[in-house]
Amino acid sequence: MSNAAPNSIYAGVTTLVVGFIVLPLVVIAWSSFFANPILTFPPTGYTLDWYRRAWDMDVFREGFIVSLETAAIATCFSLLLGVPASLALVRYPFFGRDAIQTLLLSPMIVPGIVGGSALFIAFIEMEAITDMQIAGTLGGLLIAHSLIALPWTVRLVTASLAGTNRSIEEAAASLGASPFTVFRRITLPSIRSGVIAAALFSFVISFIDLEKSLFLVGPGRTTLQIALVNYLEWNLDSTVAAVATVQIVIIGTLLIITDRYAKLSRVF
Amino acid sequence: MSDVVLQSIVKRYGATLAVDNVSMTIRPGELVALLGPSGCGKTTTLRMVGGFVGVSEGRIRVGGRDITHLPPHKRNMGFGFQNYALFPHMSVAANVAFGLEMRRLGKAEIQQKVNAALDRVRLRSYAERLPKQLSGGQQQRVALARALVIEPDVLLLDEPLSNLDANLRQEMKDEIRSLQRNLGITTIFVTHDQDEALSVSDRIVVMRQGRVEQDGTPSEVFDTPRSRFVAEFMGVSNLLPGRLEGRDRFRLHSGEAVSVAANDNQGDQMVLALRPERIEIREAPASGGTETLEARIEQAVYRGLIIDYHIKTKSGLALTARRPAPAAGGSQALDAGQMVSLSWQPGAAVLVAE
């Protein structure tokens, strides 16, 4: 019996799936160079004007900066919470460990729009009690984005910890290293690639989020994704395609770097 | 040099007893082997001394100081792990320097001590390599250098030879022994290998199901096992059940009566433990005088330097006897079917409890 037939079917299906994923991206990148004032096909010529126009528009430039800021800070939060949490989950058997692990991974399961509205309602309730503004502030947005990033951090770091050798930590302790020194000098270096992957992935996940942020942004504090949706409501030109192409390049680059540190296919 | 005293140590995991009331004293400079099959509690005991496992009950003292609840990094003990546990992201020199850095020694002093430690295990020229660039034996030597450079009060070794191949194991065994002797460091050595325990230690503690089964010098444990378990574990393959008749006669269940060294053992159910090497085989029929058993060779198994003879007595008792194989061209080996007479020195047969 020959394997040729199943192999060619496999190759065909793979090509189709990859095509479905890549084709829209190619079309978006291509249309960002169209000279047509309204997005139509075929292109009448090519231009780089849309990129300049996008940068000149406050909503996009500021949205880009807000998104970068949010993603960077949320990444830090998710590492500060996620790395110790992962250590506890992997190293110490304690009551309710499975429940806590599920809880930490749950933001990945709850639909973004549901999580976002739940947070919004919670913030409003908290505002009523504390008299502090939370919804629409950077703080509120950061809480939401840290939540988006946390499950990825926990998943990547626990996977990385599970692969490390516990006895090297014990060896360090027997040589006189305090628990904190053991973590800093031994544990952290041995899960370095997992932590880097978690940071990059957290950044990407936060950067591309739309649904959770929808209720939580305030005036003058709009993320890039929301600025894009707002713009699309009233306009149909290639500015959006230009912004999207920039994002695709940034995220694609980060994912490629991430994959060098941790094979994402092995973590999930 | 410090002594190590374990007082009624208990370790519970939920309802199961991993270590059940273990007491022992390791004298300063002594090398004690904890010997037993897997799951006997020997590694748990070692890890309690090292501080990696909490003690449920009892006390551990080192040099008079109670360390029962001291965290591992304050115990000043060197620990050798089965898988060596070298820090993979650090060079050999950095691995050895780690414990000295923790003791906040000066750069020059660290450098000098690291060099001396690496010289001692003959790995000075490998100082800048990473652990993964070394062979198993070299890694083990680095691990030893790293554990010893901090001048620990006690050295704890957990199956340090089990990941090495046979030749290297012999070499490493000698190396551990000579390092330990030269430094005079109190050492606990966990192993499941009786040869290893016999050749490396001053004293052997045989453990079984969380308890100390026997505690004695290698020759005591080897020649006078206290129980059937120890006898079997030390490689005694002839275990003949029977009962005492008087102080020095032992009646085997198969019917034969043999004399044993006078003893005050009580109990109907006893076992005569007899090493196959200690049985003397004669081709000629019994010459009288010493005790003999008439028997027939069922099978001869050639094993290179030795030959194992599977023997059956007239009453149906099965025994194994072992003799050096004759050199090429030397006297003939015995053949299956041949009638022989068996005898042994009275001290060679040991009575143990069933």
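Bear in mind that the values in this text are calculations on the coordinates, not laboratory data. Keep in mind it's a predicted model, so treat the numbers as computed, not measured. With ideal geometry, Cβ positions are generated from the backbone for all residues, glycine too; neighbour counts draw on all protein chains shown.
Give the order of A:HIS145, B:HIS192 when sorted by the count of other beta carbons within 10 angstrom, beginning with the fewest. Don't jump to the answer; show the numbers that get you there.
Details: A:HIS145 28, B:HIS192 18.
With the sparsest Cβ surroundings first, the list reads B:HIS192, A:HIS145.
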Global form of region A:117-268, assessed from the alpha-carbon gyration tensor, a/c cut-off 1.5 = oblate
ask   = Among all the lysines, which ones have a C-alpha under 17 Å from B:LYS42's C-alpha, if same-chain residues fewer than 8 places away are not counted?
value = B:LYS11
ask   = Is the shape of chain A best called rounded, prolate or oblate, per the rule: a/c under 1.5 gives rounded, else a/b larger than b/c gives prolate, else oblate, with a ≥ b ≥ c the square roots of the Cα gyration tensor eigenvalues?
value = oblate
A:TYR10 paired with B:ARG27, simple spin-label distance in nm, labels 7 Å along Cα-to-beta-carbon = 6.9
task = Rank these for me by crowding, B:VAL154, B:VAL301, going from fewest to most other beta carbons within 10 Å.
result = B:VAL301, B:VAL154
ask   = Gap in Å between the Cα centre of region B:1-73 and the Cα centre of region A:101-142?
value = 51
request  = Just grab the label-to-label distance for B:HIS89 and A:TRP30, each label 7 Å out from Cα along the Cβ direction, in nm (one decimal).
outcome  = 4.6
task = Holding the Cα-Cα limit at 28 Å, pick out from B:LYS74/B:LYS113; B:LYS173/B:LYS312; B:LYS107/B:LYS132 the pairs that are longer than that.
result = B:LYS173/B:LYS312
ask   = Per residue, how much space in cubic angstrom lies within the convex hull of the C-alpha atoms of the protein assembly as shown?
value = 289
key: Average partner coverage of B:71-80, which counts Cβ from other chains inside 10 Å   = 5
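Taking trypsin sites (Lys or Arg not before Pro) as exposed when DSSP calls them loop (any state but H, G, I, E, B) and at most 12 other Cβ atoms lie within 10 Å, what is the longest stretch of chain B free of them, the sites themselves excluded?
Numbers: sites that count: B:ARG104, B:ARG122, B:ARG247, B:ARG303.
Counting at most 12 other Cβ atoms within 10 Å as exposed, the longest clean stretch of chain B is B:123-246.
Just to confirm a number: summing +1 for Lys and Arg and -1 for Asp and Glu over residues other than A:THR223 whose beta-carbon lies under 15 angstrom from that of A:THR223, what do you get? Could you put the intermediate results ahead of the total?
Values: positive: A:ARG61, A:LYS212, A:ARG221; negative: A:ASP58, A:GLU62, A:GLU69, A:ASP209, A:GLU211.
Spelling it out: positives minus negatives among the neighbours equals -2.
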query = Taking every residue in A:175-183, how many Cβ atoms of other protein chains lie within 10 Å of its Cβ, on average?
reply = 6
At R0 = 25 Å, FRET efficiency that the Cβ-Cβ distance of B:ALA328 and B:ASP193 yields, to 0.05 = 0.20
request  = Starting from the Cα of B:ASP308, step 7 Å along the direction of its Cβ; do the same at A:LEU232; then give the gap between the two resulting points in nm.
outcome  = 7.8
ask   = Got a sec? How would A:TRP234, A:TRP50 order by Cβ neighbour count within 10 Å, fewest to most?
value = A:TRP234, A:TRP50
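Under the rule a/c < 1.5 gives rounded, and otherwise a/b versus b/c splits prolate from oblate, where does region A:50-122 land using the Cα gyration tensor? Each step should come with its number before you reach the end.
Numbers: a/c = 4.02, a/b = 2.18, b/c = 1.84.
It comes out prolate by the Cα gyration axes.
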ask   = Tell me, how many Å apart are the Cα centres for region B:214-248 and for region A:11-74?
value = 84
ask   = How many percent of all Cα-Cα pairs in chain B sit more than 32 Å apart?
value = 45
query = Measuring from centroid to centroid over Cα atoms, what is the spacing of region A:188-241 and region B:296-354 in Å?
reply = 82
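When N is the residue count of region A:1-152, what does its C-alpha Rg come to as a fraction of 2.2 N^0.38 Å? The partial results should precede the final answer.
Values: Rg = 23.2 Å, N = 152, 2.2 N^0.38 = 14.8 Å.
Normalised Cα radius of gyration, region A:1-152: 1.56.
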request  = Could you list the GluC sites (Glu not before Pro) in region B:116-217 that lie in coil according to DSSP, counting only those with at most 13 other Cβ atoms within 10 Å of their Cβ?
outcome  = B:GLU128
Fully extended contour minus Cα-Cα distance, from A:ALA122 to A:ARG52, at 0.36 nm per residue = 21.2 nm
ask   = Looking only at other chains, what is the average number of their beta-carbon atoms within 10 angstrom of each beta-carbon in B:151-158?
value = 1
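Of all DSSP beta bridges in the protein assembly as shown, what percent run antiparallel (nearest 5)?
Details: 59 of 78 bridges.
So the antiparallel bridges amount to about 75 percent of the total.
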